[in-house]
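Worksheet for the structure shown next.
The values are calculated or read from the model by the stated rules, or taken from the named source; none is laboratory data. Treat the numbers as computed from the prediction; the structure is a model and nothing was measured. Note: ideal-geometry Cβ built from the backbone for every residue, glycine included; neighbour counts use all protein chains shown.
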């Protein structure tokens, strides 16, 4: 990958990391102030940024995978990064599809969304009737009973942002000697 293109990708990765870190801070603030709207707004912002980072590092277009491998190597991101899997994030963000599927298949149609666990009423509610949730004890987002832990994501974002910032300080263009 040419250095100038590499720097542009690094810049965008760093920018999306900043957006994600702002969203994490806003989630903490919203939780402390019991502001549900700000909390879920911030969750959405976090997941959009994480999805963008994942797509930058592991593009869905296989034609770009070789160049993005160079980007991952440059930024020290391994295949085992918690930022790689997009399945949970994509399901969470494609709420409309889940809602339609739920409407067709839910036996009880007990609908719970934007909730925080522990919540006693959920004990009798099947996972398919539980949409977007947050589990305080594990600091995890929930979707239909599946958990997405925030701590490993936050740690990976901080490290990636630091590396991207360091790389962005280097020259933007290749210099022939």
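Pairs, please: C-beta under 9 Å, at least 6 apart or cross-chain, first residue in contact (Cβ under 8 Å) with a residue 12 or more places away in the chain and in segment 123-139, second part of a helix (DSSP H, G or I) and loosely packed, with under 11 Cβ neighbours inside 10 Å?
Close Cβ pairs satisfying both conditions: 128/105.
Suppose we keep only residues that are surrounded by 13 or more Cβ atoms within 10 Å (Cβ to Cβ) and part of a helix (DSSP H, G or I) within segment 128-151. Which one would you say is modelled with the highest pLDDT?
150
Within segment 163-177, which residues are surrounded by 14 or more Cβ atoms within 10 Å (Cβ to Cβ) and either modelled with pLDDT of 90 or more or under 18 Å from residue 91 (Cβ atoms) (or both)?
163, 164, 165
Count, please, the residues in segment 69-80 that happen to be part of a helix (DSSP H, G or I) and in contact (Cβ under 8 Å) with a residue 40 or more places away in the chain.
Within segment 69-80, the first condition is being part of a helix (DSSP H, G or I), and the residues that meet it are 69-75.
Checking the rest, the ones that are also in contact (Cβ under 8 Å) with a residue 40 or more places away in the chain come to 70-71, 74-75.
Count: 4.
Yes or no: residue 107 surrounded by 14 or more Cβ atoms within 10 Å (Cβ to Cβ) and more than 27 Å from residue 15 (Cα to Cα)?
Working: surrounded by 14 or more Cβ atoms within 10 Å (Cβ to Cβ): no; more than 27 Å from residue 15 (Cα to Cα): yes.
The answer is no for residue 107.
For segment 86-98, how many residues are without any contact (Cβ under 8 Å) to a residue 40 or more places away in the chain, part of a helix (DSSP H, G or I) and surrounded by 13 or more Cβ atoms within 10 Å (Cβ to Cβ)? Break it down into steps so the answer makes sense when it comes.
Going residue by residue through segment 86-98, those that are without any contact (Cβ under 8 Å) to a residue 40 or more places away in the chain are 86-87, 90, 94-97.
Now drop any that are not part of a helix (DSSP H, G or I), which leaves 87, 90, 95-97.
In the following step, the residues that additionally are surrounded by 13 or more Cβ atoms within 10 Å (Cβ to Cβ) were identified as 90, 95.
Qualifying residue count, segment 86-98: 2.
In this structure, is residue 84 more than 18 Å from the chain's Cα centre (by Cα) and modelled with pLDDT of 95 or more? Break it down into steps so the answer makes sense when it comes.
Working: more than 18 Å from the chain's Cα centre (by Cα): no; modelled with pLDDT of 95 or more: yes.
When the stated conditions are applied, residue 84 does not pass them.
Give me the pairs: first residue in segment 22-33 and without any contact (Cβ under 8 Å) to a residue 60 or more places away in the chain, second residue part of a helix (DSSP H, G or I) and surrounded by fewer than 18 Cβ atoms within 10 Å (Cβ to Cβ), beta-carbon distance under 7 Å, and six or more apart or on different chains, which are they?
23/45; 26/38; 30/38
Given 56, 83, which one is in a helix (DSSP H, G or I) and either in contact with a strand residue (DSSP E or B) (Cβ under 8 Å, 6 or more places away or on another chain) or surrounded by 15 or more Cβ atoms within 10 Å (Cβ to Cβ) (or both)?
Numbers: 83 fails: in a helix (DSSP H, G or I).
Criteria check complete, one pass: 56.
Taking segment 100-124 as the region of interest, how many residues are under 26 Å from residue 30 (Cα atoms) and out of contact with any helix residue (DSSP H, G or I) (no Cβ under 8 Å at 6 or more places or on another chain)?
If we filter segment 100-124 for residues that are under 26 Å from residue 30 (Cα atoms), which is where we start, we get 111-123.
Now restrict to residues that are out of contact with any helix residue (DSSP H, G or I) (no Cβ under 8 Å at 6 or more places or on another chain): 113, 116-123.
Count: 9.
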